[in-house]
Amino acid sequence: MRVHEMARILDQATLEAREIERLTVRYPDLTLEEAYRIQEEGIRLRCERGEKVVGWKMGLTSKAKMEQMGLHTPIYGVLMDAMHIPDGSVYRMRGSIHPKIEPEIAFRISRDVRGKLRRGDVKDVVSEVFPALEILDSRFLNFKYFSLPDVVADNSSSSRFIPSAETRRYDPDFPLDRLELRLEVDGKTAHVAGSDAILGDPVNSLIHLSELLEGHGKVLAAGSIVLAGAATQAVPLAGEMKIRLEVQGLGAVSVLVNDEK
Ligand code: OOG
Ligand code: MG
């Protein structure tokens, strides 16, 4: 079955840090639904190696990202324990292909969510909110794909995530849609955006995720981390860099990039 075959090809490419041609060159008729099944099979292969699912990431939820990638539909991917990097520690580029980093807002889920969340229920299922960085590393040649099925099959390009050590208790009255995100590279501002860049409000991204997961018969489990999607373009990682994200009212998160290949 081609779902299994493509999942294996992508999994090998990830393990070997090797770029491959995008899937739709060979299978132009690949559908989005099939791509989510390839993603799921890829996660199953990782679980077989002992990794654990720890959360979900939304992608393509801001205009800046949609325009950077030329794709305009929000998507999701899965976060694994092996992808976690602690706040303030080192990210080693060895084993990566062409990584980029981007600024996100993240949620911690405290109760299983089945079905589409209603806005009024968000306070009952979210315990914390915090800044996070995501490192993307598409397995496709030159980080280019022109169709949604390619990127979805590739676990929506996710490679690592760095949640802030500082978290804030979720409070529905805190204006999560009016915060400034500032991404710094070596102490200089690289990108700034308002949190409303993320589907008008990062909470909308969480709600949209719950809807997409329901469509695929999946549960958003208690304990999960959810990345709402980058508010600005991603920054390519090249050389030794110190990356820091500060989110107004929430705190900061940082990572040091070690470029030894
Ligand atoms: C797709 C993943 C996008 C985000 O936050 O928008 C994403 C990509 O850019 O390759 O993670
Ligand atoms: Mg992202």
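The values are calculated or read from the model by the stated rules, or taken from the named source; none is laboratory data. What you are looking at is a predicted structure, and each value in this text was computed from that prediction instead of being measured. All Cβ positions, glycine included, derive from the backbone under ideal geometry; neighbour counts span all protein chains shown. These accessible areas exclude ligands, DNA and RNA; they are computed on the full protein's heavy atoms, side chains included. Shrake-Rupley method; radii C 1.70, N 1.55, O 1.52, S 1.80 Å.
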Segment 54-65: number of residues that are near ligand 1 (Cβ under 10 Å from one of its atoms) and out of contact with any Pro (no Cβ under 9 Å at 6 or more places or on another chain): 4
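Can you give me the ranges of the strands (runs of 3 or more DSSP E) entirely in segment 150-261 with at least 3 residues that are open to solvent by 60 Å² or more (accessible area, probe 1.4 Å)?
Details: elements: 158-163, 180-185, 188-194, 225-227, 241-247, 251-258.
Per the criteria, 188-194, 241-247.
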Pairs where the first residue, in segment 42-66, is in contact (Cβ under 8 Å) with a residue 60 or more places away in the chain and the second is among the aromatic types (Phe, Trp, Tyr) and open to solvent by less than 20 Å² (accessible area, probe 1.4 Å), C-beta under 6 Å, 6+ apart: Trp56/Tyr76; Met58/Tyr76
Among the residues listed as Leu213, Leu250, Leu245, the single one being within 16 Å of ligand 2 (Cβ to nearest atom) and either closer than 29 Å to Ser96 by Cα or in contact (Cβ under 8 Å) with a residue 24 or more places away in the chain (or both): Leu245
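Can you tell me which residue is nearest to Met93 (Cα to Cα) among those in segment 139-167 that are of a type in the set (Ser, Thr, Tyr) and either more than 13 Å from ligand 2 (Cβ to nearest atom) or at pLDDT below 95 (or both)? Please lay out each step first, then the result.
Of all residues in segment 139-167, those of a type in the set (Ser, Thr, Tyr) come to 145, 147, 156-159, 164, 167.
Checking which are either more than 13 Å from ligand 2 (Cβ to nearest atom) or at pLDDT below 95 (or both) leaves us with 145, 147, 164, 167.
Values: Tyr145: 22, Ser147: 27, Ser164: 20, Thr167: 27 Å.
The residue in question is Ser164.
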